[in-house]
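Right, I'll just put the structure down here and ask away after.
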C-alpha cells in the first residue's frame, strides 16, 4: 500500500549555486506554507539566529554531544548553499521551517554502536570528526564509485563534478531542473549497484525513513504547499512512499544520546574537498562567484578578479591580457563543445595567456580565488562551543580555576596531576590561548622535573577559545590539528625542531608523525648544513635521555637516522668558502653535533660522520678553523693516529701557508682547551715535537700565530703550560698508574653498577 | 614503406591518417585549415574514427594542453611551446603544423646566428644587381611564405635567437603584415597564418623574450610525463626504435631496467620518492625523458660491445652518473644522498647500489 507524497520535492546538490538560484525561483513561484529541509532537527532552535545580522556565512550548524564533544556533526552553509537560501527565504516570510534529517542524537548513538562493535574492524569509520552530516549526492566516502561519475562519463566528461557543473551549476536558470534531477537520480538509483558497506546502507535507510515520517507528519498537519529541500540522491526515496508502518518499524527503538546545537564560524577552505570534507565542493570561491555574478559577465568577472589578485602580488597583467584570456577561454569552450567557459577553461586561458605557462601564480589563484579564504561570523548570542566546554572540564578536574590575578605555578612533573596540568598548559599555548606563560627554568630549579608557569586568565581569551575551536572540539584534538597545520606551512628547520619539542612537552602523540614528516621533508631539501647541524643536538638529547614525561621518542631516533647522513654528506661542501664569522658559527654547530653523537652511542650514525670529518680535515678543502677542529675531533676519537694528525699539523702550519689560515687551523685544533693540552700526553708530545722541529726562521715567523692561539687560554692555564714546558725536558710525566688498592676499589663497583642501572658484570670499559 | 630518406616529415609519414581524418571530419574548419580543431586534437592524441580507422597517438600526455594549443592557433595569437629539453616540443609543433596546414616544412631554426633576413626576406643578389629591386629578386623566408599561403610557420628554439632579431616577430604577430620598404609594398598574411615557436626554459645563455613579444604569444608548457607508467611506455618505445635505427647489438632492455632508470629520473626531478614518502634534493640536470632514453641507449651499447649483450646495472651506472651530475659540487651531493637514502634502502636495487659505488 504505497502512497505518493503530495508536496514538492527539490533535489539539490549541497553548496550548488545553480541549484540555489533555481530553488529560489521555484520557491517564489510556489509560495509554500511549510518548508522542510534536510538538516538536524536538534538545530531548529538555532534558526531564530538567522535574523541576527551578525550571522554571516560561511557558518556551520554544529550538533554535538555535550559530554563528549568529539562526537559531533557539522552542517556547513555558504551564502550560495540552496539550503541556506531556502532557510532565509522561509525565515523572512515567517514560513514554518523544519529540519527532517535523522536526529543527530540517533546518528551519534548509531555511530558509537558501530564503533563499539568488535566485528567491525574498519579503522576509517566512524572517525569522530568526519563531517558528512549532509549526505550529498556524491555519497561521500565512496568517491571511487560516485554515481555522478557514471552519468558524467556517459555524457563524455572526465568526471561527475565537471558534468554537474556544466549542466546544473553554470547554466542559466531552468525551472524544470528539479524534475530532471529527480528523474536522473531515479534512473541512477535503479541501476547503480549498491557498493556501500552494510552499516552505511542501513543508516541511509533510516535517514530516508525518518524524512518520510516528517513528510507525513507535515501532510497530516494540513499544510498544502509543502516544499522539501533535500540532497538529490534522496528524491526518489521520498517520491514513492512505502507504508508508514514499515518506516515506523524501521525507526523503532533506535539508540539515542544527548546533544546540543550551536552555530560556529566556518571557512571556504573547510568547505572544499581539500579539507577532507566529504560533501565538499572543489572550489567554493568559484561557486561564490557563480552565485554573485550574472552569467553573461561570468568569464570576464572571474578573469578581472584574477588580474586584480595577480597585480596585488606584483605580477604583470594588463587589460589586453584579459581580452586575449576571454577569447582563448571561449575558443576552448567551443572546441570542447560546451556553451560557456567553465573554471577549467578559464584556468587554462589564464595559465597560457597571463602566467606564461607558469604554475606558481596559478596556485595562488587556486588558493585565493577558486577556494577562497572567507571566514564566517557568528553572533555572540550563539551558545558556547565544545572546545570551551572541554577546557572548563579540564580546569575543573585539574583544579586550575581561571583567575584574573597573576599567579605562579610550580609543577612537579613526577606527579600525575601536575604532569596533566603541564600538558594542558602546553597545549593551550600551542593553540595561542595565552593563559599560562612558561618560565624558562632557571639554573636554581631543582632538576628537570620542575616547571614554572605564570598563570593569568584574561576574559578576552574566550574569543581565542572560539577561534581555536575551528581546530577541534577538545583541547588535545585542536592542538594536534593546529600543530599539523603549522608543521605543513613552516619552512625553517629550527622552527620545526622547536615545534617538535613543544609537541613532546604537550604530549600530542597523534601530531608527532606529521611534525616528523615535515621535519624530514624539509631536511631533505634544505641545503644549509648549519641549520641541519643545529637541529641535531636537541633531538639527540631527547633521544638519549627521553624526558620526564614518558613520551615515546622512537620517532626522534628515526629522524636522527635521516638527518645525520644528510648533514654528513653536505658537511665538506659547507665548510669551504666560508668567512670567519660563518666558520665560527659552524664550529659551534660541529662541536655540538659531535658531542650529541658521542651521547647517542650509535655506531651506524658515527661512520658517516667520521667520514665527513675526514673530508673536512683534509687541509685546503675548507676554512682553517674547521679543518683544525675536524683534525682534532678525529684525533680525540682515535679515528686518526698521532702520525697522521702530526702530518696534518705540519702541513697546515708550513711556511708556505697564509699565516692567518695557519693560525685559524691551530685555533681550531686546540679548540680553546688549554687543559686538554696540559693533560693529554700524546697531544702535548705532538705539539711539542712539531714545535721543536721548526727551524729558527720558521719559528720566528710562526711565533705571532702561536701567541694568538694561546692568548685564548685563561692566564692560569697559560702559566701551567709554561711550567710544564719548562720541566718537560727531564720528566716524561706522569701517566704512571696510581697505586690502587684493588680489593677496596672493587667493593664500590656493585653499588656503582646499581646506581647507573647497569646489568651484567661485563662493564670493562667503565672508568 | 621503405624510403631512401633518413627521416620523413610528419605529413609524409602519417599521410594516410591525415587523409582518413580529413574524409571523416565534418566539423567546421577555420579558413585555410586542412582539418577542424577537433580533428587536429584527435590526430595528436590518437583515437578511433567513425569509420573504425585507428589514429595513432603522437603525444602521450594531457589532452587539455593540446586543446589549449590548438585553440590558441585558432585565435590570432602565436603559440609558444615551452618546457625543459626532451619534452616533445618540436615533435608537437611539427605534428600541429602537419595537421593544420598539411605542411611542417616552413621552419626557421633559431640559433645565435639567426638574422633578420631569415625571419623576413632576403635578396637574390645576382638578380638584384642585374635588374634592381623587384619582387623577382626577393627571397621569401619560410614565415613570409606561410603568410602568403595562410599556413603555420614554425620557429624552433626562439630564445636562442638574438633579442633584436626576435623583435622582428612583434610586427608580424600584431599587424600580421610584413612591410617591404625597398619595393614600397607589404605582404599581408592570409587567414590561417600563425606561428608556433618552441623554447626551452632550462638552457643557459639564452635571450629572454621581451615582454612585448611575450605578450603576443600564448604559452603552453609541455610537462614531463605525469605518471611513471606513461614515461616507461615512452622510454621503452623510443629505446627500441632507436636501438634498431642505430643498429646497436644486444637485446632490448628488460622492462625492469627501463622502469628503474625512469624511476630514478622521476624521483630526482620531482624531489620526492615515487611513493611520496621521502623528500629528496633536486638535481640541476634537466633529467628529461629524452635523457632517460639516451642513458638506456648508451647502457645498451656498453652491454652489447663490451658485455654479454644483456643490459645490467653496471652498464647503466656509468651513464646515470653522467646524466645526473651536471654540476660537480651540488649534483654530486644530490646523487650521493640519493644513493644512500633511496637506492641503498631498496632491497631489489642492491646490484645498482654496488654498481654506483664502483664508479670512480
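Students often check this: by mean Cβ neighbours within 10 Å, which of B:166-172, B:291-297, B:192-198, A:88-94 ranks highest, and how do the rest follow? Show your work: numbers first, answer last.
Values: B:166-172: 19.1, B:291-297: 23.3, B:192-198: 25.3, A:88-94: 14.7.
Sorting B:166-172, B:291-297, B:192-198, A:88-94 by mean packing, highest first, produces B:192-198, B:291-297, B:166-172, A:88-94.
What is the angle, in °, between the Cα long axis of helix B:313-324 and the longest principal axis of the Cα atoms in chain B? Nearest 10 is fine, range 0 to 90.
Long axis of B:313-324 versus the principal axis of chain B: about 50 degrees.
Stretched out fully, how many nm does the piece from residue B:340 to residue B:183 gain, at 0.36 nm a residue minus the Cα gap?
49.6 nm
What share of all Cα pairs of the range A:293-371, in percent, falls into each consecutive 5 Å distance bin?
Reading the bins upward from 0: 3, 17, 30, 27, 16, 6, 1, 0.
Please report, in whole Å, how far the alpha carbons of the range A:558-714 spread along each principal axis, starting with the longest.
The Cα atoms of the range A:558-714 stretch 55, 32, 28 Å along the principal axes, largest first.
Once the range B:228-358 is represented by equal point scatterers at the alpha-carbon sites, with solvent omitted, what log10 I(q)/I(0) does the Debye formula produce at q = 0.17, 0.22 Å⁻¹?
Result of the Debye calculation: -0.85, -1.39.
Starting with the highest mean, order A:288-294, B:90-96, A:478-484 by the number of other Cβ atoms within 10 Å, averaged over the residues of each peptide.
Values: A:288-294: 17.4, B:90-96: 21.6, A:478-484: 23.1.
Taking the mean over residues of other Cβ atoms within 10 Å, the ranking is A:478-484, B:90-96, A:288-294.
When the Cα centres of the range B:72-102 and the range B:2-65 are compared, how far apart do they sit, in Å?
The distance from the Cα centre of the range B:72-102 to that of the range B:2-65 comes to 14 Å.
Please express the shape of the range A:496-627 as an equivalent ellipsoid: the semi-axes are the square roots of 5 times the eigenvalues of the C-alpha gyration tensor, given largest first in whole angstrom.
Ellipsoid semi-axes (Å, largest first): 28, 14, 12.
For the ranges B:211-221, A:345-355, B:233-243, B:175-185, what's the packing order if you count other beta-carbon atoms within 10 Å of each residue, average per peptide, and put the highest first? Walk me through the numbers on the way to the answer.
Numbers: B:211-221: 20.6, A:345-355: 25.9, B:233-243: 17.8, B:175-185: 13.3.
Peptide ranking by packing, descending: A:345-355, B:211-221, B:233-243, B:175-185.
With label points built 7 Å along Cα→Cβ from the Cα atoms of residue B:332 and residue A:580, find their separation and express it in nm.
3.0
From Cα coordinates alone, what are the radius of gyration and Dmax values for the range B:1-152 in angstrom?
Calculated on Cα positions, Rg and Dmax stand at 18.0, 59 Å.
Length gain on complete extension for the stretch residue A:756 to residue A:679, per 0.36 nm per residue less the alpha carbon to alpha carbon distance?
Details: separation 77, 0.36 × 77 = 27.72 nm, distance 2.72 nm.
This chain segment gains 25.0 nm when fully extended.
Please report Rg (one decimal) and Dmax (integer) in Å for the Cα set of chain B.
Gyration radius and largest Cα-Cα distance of chain B: 23.5, 78 Å.
What is the average number of partner chain Cβ atoms found within 10 Å of a Cβ in A:327-336? Intermediate values should be presented prior to the final figure.
Values: counts 7, 7, 2, 2, 10, 9, 1, 4, 11, 6.
Mean inter-chain Cβ contacts per residue within 10 Å come to 6.
Can you give me the three principal axis dimensions of the range B:270-325 from its C-alpha atoms, in Å, biggest first?
Cα spread of the range B:270-325 along its principal axes, largest to smallest: 37, 20, 16 Å.
Then there's this: From zero up to wherever the largest Cα-Cα distance of the range A:39-114 sits, split into 10 Å bins and tell me the percent of pairs in each.
17, 50, 26, 7, 0
Hey, how much of the P(r) for the range B:9-63 falls beyond 19 Å, as a percent of Cα pairs? The partial results should precede the final answer.
On the way: 330 of 1485 pairs.
Of the Cα pairs, 22 percent sit more than 19 Å apart.
Still on this structure, please answer the following. For the protein assembly as shown, what is the calculated [θ] at 222 nm in deg cm²/dmol (nearest 500), taking -39500 (n - 2.57) for each run of four or more DSSP H residues and dividing by its residue count? Write out the running numbers ahead of the final one.
Details: 50 runs with 577 residues, N = 1127.
Theoretical 222 nm ellipticity from helices: -15500 deg cm²/dmol.
Then there is this: Which whole number gives the average, over all residues in A:522-533, of C-beta atoms from other chains lying within 10 Å of the residue C-beta? Please report the intermediate quantities before stating the final value.
Numbers: counts 1, 1, 10, 6, 2, 4, 0, 1, 0, 0, 0, 0.
The shielding value for this peptide is 2.
For the range A:259-395, what Kirkwood radius comes out of the mean inverse Cα-Cα distance, in Å?
Numbers: mean 1/r = 0.0588 Å⁻¹.
The Cα-based Kirkwood calculation yields 17.0 Å.
Tally the DSSP beta bridges in the protein assembly as shown and give the antiparallel ones as a percent, rounded to 5.
Working: 37 of 67 bridges.
DSSP beta bridges in the protein assembly as shown are roughly 55 percent antiparallel.
In whole angstrom, how far apart do the alpha carbon centroids of the range A:386-436 and the range A:630-644 sit?
Result: 51 Å between the Cα centres.
As a test, work out the antiparallel percent of DSSP beta bridges whose residues both lie in chain B, rounded to the nearest 5. Don't skip to the answer; put the middle values down first.
Numbers: 10 of 27 bridges.
So the antiparallel bridges amount to about 35 percent of the total.
For peptide B:31-41, compute the average count of partner chain beta-carbon atoms within 10 Å of each residue's beta-carbon. Write out the running numbers ahead of the final one.
Working: counts 0, 0, 0, 0, 0, 1, 5, 3, 0, 1, 2.
Rounded to a whole number, the mean comes out at 1.
Please report the spacing between the Cα centers of the range B:103-179 and the range B:264-310 in Å, no decimals.
Each part reduced to its Cα centre gives a spacing of 40 Å.
Turning to a different aspect of this structure: Evaluate E = 1/(1 + (r/R0)^6) for residue A:656 and residue A:636, where r is the Cβ-Cβ distance and R0 equals 41 Å; express this FRET efficiency to the nearest 0.05.
Values: r = 28 Å, r/R0 = 0.67.
With R0 = 41 Å, the Cβ-Cβ based efficiency is 0.90.
Moving on to the next point. With a point put 7 Å past each Cα toward its Cβ, work out how far residue A:707 is from residue B:140 in nm, to one decimal.
Calculated label separation equals 8.7 nm.
Binning at 20 Å from 0, report for the protein assembly as shown what percent of all alpha-carbon pair distances ends up in each bin.
9, 28, 33, 22, 7, 1, 0
Where a number appears in this text, it was derived from the coordinates with a stated rule and is not lab data. On a predicted model such as this, the values are computed, not experimentally measured, just so you know. Don't worry about glycine lacking a Cβ; one is built from the backbone with ideal geometry, like all the others, and counts go over all protein chains shown.
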